[in-house]
Amino acid sequence: QYLDEAPAAATSGNLASQRFAERVASSQGDKVVDTERVDLLAGRAIKALNDIIIEERVSYDEYNALKAWLIKVGQDGEWPLFLDVWLEHSVEEVATSHREGNKGSIEGPYYVENAPELPWNGTIPMREDEPGTPMKFFGQVRSTDGTPLKDATVELWHADSDGFYSQFAPGIPEWNLRGTWVVNDEARFEMHSIQPAPYQIPTDGACGQLIAAAGWHAWRPAHLHLKVKAPGHELLTAQLYFPGDPHNDDDIASAVKPELMLDPKPTEDGKGVTVEYDFVLDPE
Ligand code: MBD
Ligand code: FE
């Protein structure tokens, strides 16, 4: 049982690190280093940490604990997890503050490009006995002026009922609970999946060690991840949440916004939930 549990953080962490490195490599065109910007940002970050050391009178024991921990973050492959949990929300805020359309949220560490394409009312790839409450999620994609965007696609990825993401945890089919819906000619989609469970970030790696040492908790509320794309419009990366989740108000990743809360209704047979949510994209 110990062996079963121990490698989980490092497995998902190292896969996330590898995936991220591949994406950076494939998008690395002719990016130039902006020396002034690096000087400013790296300089400010280093100064902020020095200020904390002086102000809080940090000891050698504390400094060495930090050093050991930073090394472990790398060994566990948890830099994507650490950065996406504790910093990405601010980057997302800066990147999208001009938008008039949909609010977005962070991408997180577990996105994979090119999920299988599905018809506008398709069912997400899932196991025959996939546990969880059946969920029908429907809506329309429009531009900020109200025009339906008939060439839009809606990508959905989410954790299974144990909180695991395919391609980042062992033993799950490659594209499980990941799909790309092509909207119909009224720009509508109707996605069939299961309702995800609350998600705990790995507790057995460096991030979990920090959380335990600081007396925090490791939970994110149950969430759906989405990317909505349409020609001539800004890409929307979002997450949607379910009312009543105990962690909606204290998401460890600070990624919940009131505009991203769903309003699920029970299905007629009482066995599933139906949710409606429309996406509004900003023109480029
Ligand atoms: C997740 O599933 C997630 O969405 C984020 C932001 C961080 C860790 C795990
Ligand atoms: Fe997630």
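The values are calculated or read from the model by the stated rules, or taken from the named source; none is laboratory data. Source: prediction; values computed, not measured. Please note: Cβ atoms are built from the backbone with ideal geometry, for glycine as well, and neighbour counts cover all protein chains shown. Heavy atoms of the whole protein, side chains included, go into the accessibility calculation; ligands, DNA and RNA do not. Shrake-Rupley method; radii C 1.70, N 1.55, O 1.52, S 1.80 Å.
Checking I46 against (1) at pLDDT 95 or above; (2) open to solvent by less than 80 Å² (accessible area, probe 1.4 Å); (3) part of a helix (DSSP H, G or I); (4) among the hydrophobic types (A, V, I, L, M, F, W, C), which single condition isn't satisfied?
(2)
Can you tell me which condition N64 does not meet? The list is (1) surrounded by fewer than 10 Cβ atoms within 10 Å (Cβ to Cβ); (2) in a helix (DSSP H, G or I), and all the others hold.
Status for N64: all satisfied but (1).
Taking I172 as the residue in question, decide whether it is more than 25 Å from G101 (Cα to Cα), open to solvent by less than 20 Å² (accessible area, probe 1.4 Å) and within 16 Å of ligand 1 (Cβ to nearest atom).
Working: more than 25 Å from G101 (Cα to Cα): yes; open to solvent by less than 20 Å² (accessible area, probe 1.4 Å): no; within 16 Å of ligand 1 (Cβ to nearest atom): yes.
Answer is no for this residue.
I want to confirm something. Restricting to region 67-109 and keeping residues that are in contact (Cβ under 8 Å) with a residue 12 or more places away in the chain and basic (K, R), which single residue is surrounded by the most Cβ atoms within 10 Å (Cβ to Cβ)?
Looking at the filtered set, the residue picked out is K72.
Condition first: of a type in the set (G, A, S) and away from ligand 2 (no atom under 16 Å from the Cβ). Now tell me which residues in region 106-143 satisfy that. So that I can check it myself, show each step before the final result.
Step one: filter region 106-143 for residues of a type in the set (G, A, S), giving 108, 115, 122, 132, 139, 143.
Within region 106-143, G122, G139, S143 qualify.
Only one of these conditions is not met by E78: (1) of a type in the set (D, E, K, R); (2) more than 16 Å from ligand 2 (Cβ to nearest atom); (3) farther than 29 Å from D185 by Cβ. Which number is it?
(2)
Hey, any hits in region 52-61 for a residue that's at positive phi and open to solvent by 90 Å² or more (accessible area, probe 1.4 Å)?
The first filter runs over region 52-61 and keeps only residues at positive phi, leaving 57.
Of the ones still in play, those that are also open to solvent by 90 Å² or more (accessible area, probe 1.4 Å) are 57.
Yes - at least one qualifying residue is present in region 52-61.
Which of the strands (runs of 3 or more DSSP E) contained wholly in region 176-284 include at least 2 residues that are buried (at least 20 other Cβ atoms within 10 Å of the Cβ) and touching a helix residue (DSSP H, G or I) at 6+ places or on another chain (Cβ under 7 Å)?
On the way: elements: 178-182, 188-194, 223-229, 236-241, 273-276, 279-281.
Hits in region 176-284: 236-241.
Might you check whether a residue that is over 19 Å from E113 (Cα atoms) and open to solvent by 60 Å² or more (accessible area, probe 1.4 Å) occurs anywhere in region 12-21?
Applying the first criterion (over 19 Å from E113 (Cα atoms)) to region 12-21 yields none.
Checking region 12-21: not a single residue is over 19 Å from E113 (Cα atoms) and open to solvent by 60 Å² or more (accessible area, probe 1.4 Å).
Looking only at residues that are away from ligand 2 (no atom under 13 Å from the Cβ) and not in a loop (DSSP other than H, G, I, E, B) in region 151-167, which one is most open to solvent (accessible area, probe 1.4 Å)?
Only one residue fits best here, namely T153.
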